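One structure is given below, encoded as structure tokens.
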Amino acid sequence: MDLRDTYDVVIVGSGPAGAGAARALTGSGLRVLLAERHELPRFKMCSGIVFPSGRKFIADNFGPVPDKVLCRPERVRGQRIYRSLDAPSIDVPFAVFDPEEGMEAEGLNTSRSELDYWLCSQSDAQLVGGHRFDDFEREGREYLVHLQHGDREVSVRTSFLVGADGTLSEVRRTAFPGFDDSISFLPNYEEFYLADIDLEPGWLHLFLDRSITGYFATVFHDEGTIQVVTGAHSQEPVREYFQAFRSHLEAKHGLVVKETLDSHGIGLTDMSAQKNYCLGSENLLLVGEAGGFLRGGEGITSSLASGKAAGEAILQSVASGKPAIEHFRELASEELRNCEMVHERLEAALGFNVFKRPLR
Ligand SMILES: Cc1cc2nc3c(=O)[nH]c(=O)nc-3n(C[C@H](O)[C@H](O)[C@H](O)COP(=O)(O)OP(=O)(O)OC[C@H]3O[C@@H](n4cnc5c(N)ncnc54)[C@H](O)[C@@H]3O)c2cc1C
């Protein structure tokens, strides 16, 4: 699909943050480009659980989730937490940590590829895969955005630029070159198995013992497969933790792997846990994990909500003539409070913040 030379808004990244921004701009008459580096629908490493507050957000802003987005088991009751390897588990239903009233008690189990593609398709933005953001230049009040498409560079001009490009945001790095020195990257690693295990489906099994993880490790049943994930501090060996976690699951939870289907690595940042957000400047806005929005381990809701705030801030900026960042700070403040509230509740329940655990 050919791109125009000029857009009103360019959104980089087709995750929930990009989808939330595109949806908020729908019907406004603004010309919006939603550019994703991978071909669509793209893979995203995630358990794919839409928490109750995310379910409400999607129902209110996008409508009913189509069946093809859902995985088995469709409902997720909450987190079953194992504080240490020997202690009995504690069940924490999702609703306990959700900041809004009147929501469903259970989360939804979704395929992130299908969910994100569907969310992005519910807008009138021009959605293109295979276009990687490289960098941008300022030209007066506009941004000249350089995208890589195969071996070709494509440049488009825009009045507003939204970085919705996740943890390792290139938009953030280009706009705020020193900022990433102030944050910690928390790498994680996952394997998907055809396997037997004696952990109950329909729960996110969350392990906190420091011998198997730098912050938390999880087991989740997804579409007949078992997803096993652990995380580390950037200075720590995530694969060693993973081997220790897998050995523990084999010894204590009857894990018998019949086939390893896939493996991936990615990471989170400590931006939200440290309240070290990077929201943007002038008419450049950072949303979702690019901006640091994360409710503990729940990122889908936070990304959708911050994306929506950015879309609304752009509409207000068009009307007021003021820089979008001024409106975004105000509109994103509710979601920042939600992030902080979830971190505080987790810390109160566990006695520590999982993202700020000291090095082993
Ligand atoms: C192992 C794991 C499990 C998780 N489980 C859950 C869960 O069950 N529920 C939950 O709510 N949250 C979960 N999270 C968190 C959640 O996945 C993230 O917080 C959420 O996806 C962030 O959304 P986003 O839109 O900010 O970024 P992303 O979903 O990461 O989307 C960013 C998009 O930008 C694209 N992109 C990146 N760079 C460029 C570029 N240069 N040019 C163009 N495009 C680019 C990427 O390809 C990607 O499609 C999990 C995270 C991890 C790591």
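Values quoted throughout were computed directly from the atomic coordinates according to the rules given, and no laboratory measurement underlies them. On a predicted model such as this, the values are computed, not experimentally measured, just so you know. Here Cβ is always computed from backbone atoms with ideal geometry, including for glycine, and neighbour counts include all displayed protein chains.
Per DSSP H run of at least 4 residues, take -39500 (n - 2.57); add these up for the chain, divide by its residues and hand me the 222 nm value, nearest 500 deg cm²/dmol. Let's see the in-between values first.
Values: 8 runs with 98 residues, N = 360.
Dividing the helical sum by the residues of the chain leaves -8500 deg cm²/dmol.
Near the amide H of Gly202, within less than 5 Å, lie the amide hydrogens of His221, all on another chain or at least 5 residues away, with H placed in the peptide plane.
Across the chain, how large is the tail of the calculated P(r) beyond 34 Å, expressed as a percent of all Cα pairs? Could the numbers behind the result be given before it?
Working: 15685 of 64620 pairs.
When all Cα pairs of the chain are counted, 24 percent exceed 34 Å.
Relative to the longest principal axis of the Cα atoms of the chain, the long axis of helix 238-252 lies at roughly 40 degrees.
The HN-Hα couplings worked out from phi for the range 268-278 by the Karplus form 6.51 cos²θ - 1.76 cosθ + 1.60 (θ = phi - 60°) are 10, 10, 8, 4, 5, 4, 8, 6, 10, 8, 9 Hz, whole numbers, x standing for Gly and Pro.
May I ask for the net charge around Ala273, where only other residues with Cβ less than 14 Å from the Cβ of Ala273 are counted and Lys, Arg are +1 while Asp, Glu are -1? Walk me through the numbers on the way to the answer.
Working: positive: Lys275, Arg295, Arg345, Lys356, Arg357; negative: Asp270, Glu289, Glu298, Glu340, Glu344, Glu347.
Net charge in that neighbourhood comes out at -1.
What shape does the range 160-228 have by the C-alpha gyration tensor, where a ≥ b ≥ c are the square roots of the eigenvalues, rounded means a/c under 1.5, and otherwise prolate means a/b greater than b/c and oblate the rest? Can you show the working numbers first?
Values: a/c = 3.75, a/b = 2.09, b/c = 1.80.
Prolate is the answer for the range 160-228, as a/c is 1.5 or above and a/b outweighs b/c.
Could you estimate the translational diffusion coefficient of the range 61-133 from the Stokes-Einstein equation, with Rh from the Kirkwood formula over C-alpha pairs, at 4 °C and 1.567 mPa s, in whole µm²/s? After rounding, the answer is 84 µm²/s. Charges were assigned to the Cβ only: +1 to each Lys and Arg, -1 to each Asp and Glu. The resulting dipole of the chain about its Cα centre is roughly 320 debye. Using only Cα atoms, find the angle between the long axis of helix 16-25 and the longest principal axis of the chain, and express it within 0 to 90 degrees, rounded to the nearest 10. Between helix and principal axis, roughly 30 degrees. Each Cα pair under 8 Å and six or more residues apart adds its sequence gap; the mean of these over the residue count of the chain is a relative contact order of 21 percent.
Ala244 sits among other residues whose Cβ lies under 14 Å from its own Cβ, and their net charge, with Lys and Arg +1 and Asp and Glu -1, is 0. Report the Cα centroid-to-centroid distance between the range 282-331 and the range 101-143 in angstrom, as an integer. If you average the Cα positions of each part, the centres end up 13 Å apart. Here the contact order of the range 299-360, divided by its residue count and restricted to Cα pairs under 8 Å and six or more residues apart, works out to 27 percent. Straight-line cross-link reach from Lys56 at under 13 Å between alpha-carbon atoms covers these aspartates and glutamates, not counting any fewer than eight positions away in the same chain: Asp98, Glu100, Glu101, Glu104, Glu106.
Using the Cα centre of the range 210-258 as origin and beta-carbon charges of +1 (Lys, Arg) and -1 (Asp, Glu), tell me which of Ser234, Gly254, Phe216 is placed farthest towards the positive end of the dipole. Highest projection toward the positive end goes to Gly254. Straight-line reach from Lys356: taking Cα to Cα under 19 Å and skipping same-chain neighbours fewer than 8 places apart, the aspartates and glutamates in range are Asp180, Asp181, Asp209, Glu236, Asp270, Glu289, Glu298, Glu340, Glu344, Glu347.
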